[in-house]
Amino acid sequence: MANKRQHTIPQLYLKRFLNPGWVYRRGEAKPRHILTPSNVAVHPNYYGKNKASETTLDELNTKIENKSARSLEKLINNPETFTPTDRVSLSFLLANMFFRNPVRIKEWSDAIVAAANEIDEAARQTHGGQHEALLLIGDPSEFNPKLYDEAPIITHKQLKEHAYLLGSKGGHRIAAGDNFGALKEIAKCIEQMAFLIFEAPKGLFFVTSDRPLMLQRRKNGSQGGAGWVNDDTLVSIALSPIRFLLIFYTNRFDMVQTAATPEQVAGLNVEVIRFAEKEIYSSSKYCEADDWMKSVGRWRTKP
């Protein structure tokens, strides 16, 4: 049965940072100390209520978490024992964490609505003529229409109808369903990418956020054009306070572990904070997160 309190970030992930830990919420005066992450990233029926005839998205989240929990534990605490089977399980978890995230879901929804509006404007500029040009839709939120080998072909009318549904009450659940449909394809992409694991030196630690899995281009750090099949795509996520994972395409290795320098720890944490939407999660108090929360220092909001 779908749980009314649905977590948009897996608890098995957050507990490594918040058991106990600190929550830095943008705009607040001070961080909040918590003992467990049970009330973090919780939304009532975000993925929909239970239906007897089908598996809900929340139930799918739970199944993926349960199947991949041991693989995540191995990668963090004993990477030498990480197997090809573990890679498959973890790839599904990472793809799930990407697609279930409310920020990602909103980006997808906004991109579909924007695409429909752009086509409407183009139709008006052609004096309202029949504008049934076929659109190749892959992943417009990343400006990459060739995300999948066989992206669906839809008409302007179909796009407008879908955009209307996404903009209606509960439309985020439709957008979530759209995203979840790509889980297998993206998990397969992750399987084929190399894993570079950084270990934080003693006394230093990594932080995470309400957008834990980051997708960008290696060349310039831009999110635009960072589709999963692009050669220069870089995926990053703090696995725990002591482990940070970078994922990218290369033929040189499958998985490498290395000790991070203090400068690398600081730089990776800045990237985490740069991608955060509303909250930063840390196992210990962290000055950079405090600056971000208060919009001071490098995080000062420009007028």
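Observations on the structure shown:
- The criterion of being part of a loop (DSSP other than H, G, I, E, B), at pLDDT below 85 and touching a His at 6+ places or on another chain (Cβ under 8 Å) holds for His131.
- Long-range neighbours under 8 Å by Cβ, at least six apart or interchain, first residue farther than 23 Å from Leu93 by Cβ and without any contact (Cβ under 8 Å) to a residue 60 or more places away in the chain within segment 1-30, second aromatic (Phe, Trp, Tyr) and buried (at least 22 other Cβ atoms within 10 Å of the Cβ): none
- When Gln223 is tested against (1) out of contact with any helix residue (DSSP H, G or I) (no Cβ under 9 Å at 6 or more places or on another chain); (2) surrounded by fewer than 18 Cβ atoms within 10 Å (Cβ to Cβ), exactly one condition is not met: (1).
- Scanning segment 153-192 for residues that are of a type in the set (Val, Ile, Thr) and within 16 Å of the chain's Cα centre (by Cα) gives Ile186, Ile190.
- The conditions of being at pLDDT 95 or above, surrounded by fewer than 15 Cβ atoms within 10 Å (Cβ to Cβ) and either over 14 Å from the mean Cα position of the chain (by Cα) or hydrophobic (A, V, I, L, M, F, W, C) (or both) are not met by Ser240.
For every residue, the table says whether it meets (1) touching a Lys or Arg at 6+ places or on another chain (Cβ under 6 Å); (2) at pLDDT 55 or above; (3) part of a helix (DSSP H, G or I).
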| site | (1), (2), (3) |
| --- | --- |
| Tyr148 | no, no, no |
| Lys157 | no, yes, yes |
| Lys160 | no, yes, yes |
| Ala163 | no, yes, yes |
| Leu196 | no, yes, no |
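- Residue identified as of a type in the set (Ser, Thr, Tyr) and either surrounded by fewer than 16 Cβ atoms within 10 Å (Cβ to Cβ) or farther than 28 Å from Lys294 by Cα (or both) among Thr261, Thr208: Thr261
- Residue in segment 51-66 that is in contact with a Pro (Cβ under 7 Å, 6 or more places away or on another chain), over 21 Å from Ile280 (Cα atoms) and surrounded by fewer than 22 Cβ atoms within 10 Å (Cβ to Cβ) present: yes
- Of the strands (runs of 3 or more DSSP E) that lie entirely inside segment 1-107, those containing 3 or more residues that are out of contact with any Ser or Thr (no Cβ under 9 Å at 6 or more places or on another chain) span 32-34.
- In summary, Leu245 fulfils each of the numbered conditions (1) in a loop (DSSP other than H, G, I, E, B); (2) closer than 23 Å to Pro201 by Cβ; (3) modelled with pLDDT of 95 or more with the single exception of condition (1).
The values are calculated or read from the model by the stated rules, or taken from the named source; none is laboratory data. None of these values were measured; they are calculated from a predicted model. With ideal geometry, Cβ positions are generated from the backbone for all residues, glycine too; neighbour counts draw on all protein chains shown.
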